Amino acid sequence: MRATFRNLYDQFNMAAFIRDRRTHATSVLRLALILVPMAAAVGTLCAAFLRSLDAVTRLRFAFPWLLYLLPIGGFVVGLLYHLTGRSVEGGNNLIVEQIHEPGGGVPLRMAPLIFFGTVVTHLFGGSAGREGTAVQLGGSLASGFGRALRLDAEATRTLLMTGIAAGFGAVFGTPIAGAVFALEVLAIGRVEYRALVPCLVAALVGDWTCLAWGIHHGVYHVDALVPVDALLVAKAGVAGIAFGLTGLTFAEANHALGGWLKRVIPYGPLRPVIGGLAVIALVWLLGTRDYLGLGTLAATPDSLTIASFFGPDTHSWSWALKLLFTVVTLSAGFKGGEVTPLFFIGAALGNALAPMFGVPSGLFATIGFVALFAGAANTPLACTFMGIELFGAAYTVPIAVACFVAYLCSGHNGIYLSQRVAVPKVPAAHLTPDATLRDARTHRASRRRTRA
């Protein structure tokens, strides 16, 4: 026994153990000293951004004629990017690319440009979101911190991921989902666990900072209590197919129309002018302004918002109309994001599907709210956590099932073309290791041309 203990003691190098722990503690402390102020700065910017969105949306409600200035506002933002922001036009995709292959970093000017561009979009009525802006604010500030402190490539890579987590967590009030989103969005089938704790800390600090500035996030209630049984889970799975295919449609329509406009109108500042005129024409043709802006505030009590789809009334085609308005807005080059419109589209589609499945509309609106985003962004884990954070744990199982099915059904498509395919959803011989969704899309296009 004594000999065995002596052998164990000899093999256990106490000095090396203490040295390793000290090195680890020093590294963690160094990262925390950078991470906390960076995330707090991101949370502060997100708070200012959310207040600005609220203010300009209410201003647009008070002065409806502002809609007719949408083409002019789009031209101003397009010209500003054309003259000073060509290097940051990639937006979220640029941040993802810099995380995969650190190079020149994310220019700091991305932050003011995307802030101003998104506020202008919402002031004049463009149908866009806010997640893209929050992620770009976080990525831009994180990259700026990395350059100022002369961090190496690996540390900068981690810091960029924490910037995404801080921005996402702060703008939606979902820090767990924000942390997981930053880990999951980079590559299909692979989660970057090395940055798990830093991303969680950044998302929490960003969210707490945003709340400390008095920001209140929207609250959605599921009034109906339905027992979670095998039948409900099966229905959620079938509905997940519809959510995944709709997410695929949204992403592909956005990329296709955006690519077509770039070919037809090479001069960038003119594309938002055409898009703005198209949005105005849609408002006149359909006789409604319910599909402008974020979709979280209403100009009148009878106007549609995301909250409307959690009530008893059925809105059969609202999801398709919001999809149309958003695709026209974003593909023309207006700034913002896709996620909040995807929440609107998903909740509206869930509301429309609910009567067919014999379930309360609020329940399927809840599931569609996150599942359609899961399919469009290829982030089923983050969206499952978001569903729990926003709606509680009562419907975790059907939410998770719908998110996972939507993820599978959206294929190798998505709103972020720089996302890599680490583990294909289905066998795909044409995909090289770590091919991007852009590569997959290019391959599909070449196959279609060959067949034609």
*Estimated vicinal HN-Hα couplings, Hz - segment 71-82 in sequence order (Karplus 6.51, -1.76, 1.60; Gly, Pro = x)*: x, 5, x, x, 5, 4, 5, x, 5, 4, 5, 5
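How would Tyr291, Tyr267 line up by accessible area, probe 1.4 Å, largest first?
Working: Tyr291 15, Tyr267 95 Å².
Of Tyr291, Tyr267, the descending order of accessible area is Tyr267, Tyr291.
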*Mind checking which lysines have their C-alpha under 22 Å from Lys262, skipping anything on the same chain fewer than 8 residues away?*
Lys335
*What nm value, rounded to one decimal, do you get for the distance between His100 and Leu245 when each label is placed 7 Å out toward the C-beta?*
2.9
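What 222 nm value per residue comes from the helices of the chain, counting each DSSP H run with n ≥ 4 as -39,500 (n - 2.57) and dividing by all residues, nearest 500 deg cm²/dmol?
Details: 17 runs with 306 residues, N = 452.
Value at 222 nm, helices only: -23000 deg cm²/dmol.
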*Each residue of segment 110-127 in order: what ³J(HN,Hα) in whole Hz does its phi give by Karplus 6.51 cos²θ - 1.76 cosθ + 1.60, θ = phi - 60°, with x for Gly and Pro?*
4, 4, x, 5, 6, 4, 5, x, 6, 4, 5, 4, 6, 4, 9, x, x, 8
*Return the whole-Å distance between the Cα centroid of segment 278-326 and the Cα centroid of segment 413-452.*
33
*Hey, can you grab everything whose amide H is under 5 Å from the amide H of Ser127? Only 5+ residues off in sequence or another chain; H modelled, so Pro and N-termini drop out.*
Gly293, Thr329
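Looking only at Cα atoms, what is the convex hull volume of segment 179-266 per residue, in Å³?
On the way: hull volume 20.4 nm³, N = 88.
So the per-residue Cα hull volume is 232 Å³.
Please compute the length gained on full extension between Tyr267 and Asp152, using 0.36 nm multiplied by the number of residues separating them and subtracting their Cα-Cα distance.
Values: separation 115, 0.36 × 115 = 41.40 nm, distance 3.75 nm.
Full extension from Tyr267 to Asp152 adds 37.7 nm.
Can you work out the FRET efficiency for the pair Ala320 and Ala394, with r the C-beta to C-beta distance and R0 = 35 Å, to the nearest 0.05? Don't skip to the answer; put the middle values down first.
Details: r = 29 Å, r/R0 = 0.84.
According to the calculation, E is roughly 0.75.
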*So what does Asp152 come to for accessible area, using a 1.4 Å probe and Å² rounded to 10?*
100
*asked:* As a test of reading the structure, rank Val222, Val426 by solvent-accessible area (1.4 Å probe, protein chains only), most first.
replied: Val426, Val222
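Would you please put 206-215, 296-305 in order of how densely packed they are, using the mean number of other Cβ atoms within 10 angstrom per residue and starting with the highest? List each step's numbers first, then the result.
Working: 206-215: 19.9, 296-305: 14.2.
So the peptides 206-215, 296-305, ranked by packing, come out 206-215, 296-305.
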*Which residues' amide hydrogens lie under 5 Å from the amide hydrogen of Ala435, considering only partners 5 or more residues apart or on another chain, with H built in the peptide plane?*
Val421
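Given a Förster distance of 45 angstrom, what is the FRET efficiency for His216 paired with Arg86, based on the Cβ-Cβ distance and rounded to 0.05? Intermediate values should be presented prior to the final figure.
On the way: r = 37 Å, r/R0 = 0.82.
Computed FRET efficiency for His216 and Arg86: 0.75.
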*How large is ³J(HN,Hα), in whole Hz, for each residue of segment 241-246 in order, when computed from phi with the Karplus curve 6.51 cos²θ - 1.76 cosθ + 1.60 and θ = phi - 60°, using x for Gly and Pro?*
4, 5, 5, x, 5, 5
*Could I have the simple spin-label model distance between Ala234 and Arg447, label points 7 Å from Cα toward Cβ, reported in nm to one decimal?*
3.3
*Provide, in order from the shortest bin, the percent of all Cα-Cα pairs of the chain in each 20 Å bin, continuing until the bin that contains the maximum pair distance.*
25, 56, 15, 3, 0
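The values are calculated or read from the model by the stated rules, or taken from the named source; none is laboratory data. These numbers were taken from a predicted model, which means no experiment stands behind them. Ideal geometry is used to build each Cβ from the backbone, glycine not excepted, and the neighbour counts take in all protein chains shown. Heavy atoms of the whole protein, side chains included, go into the accessibility calculation; ligands, DNA and RNA do not. Shrake-Rupley method; radii C 1.70, N 1.55, O 1.52, S 1.80 Å.
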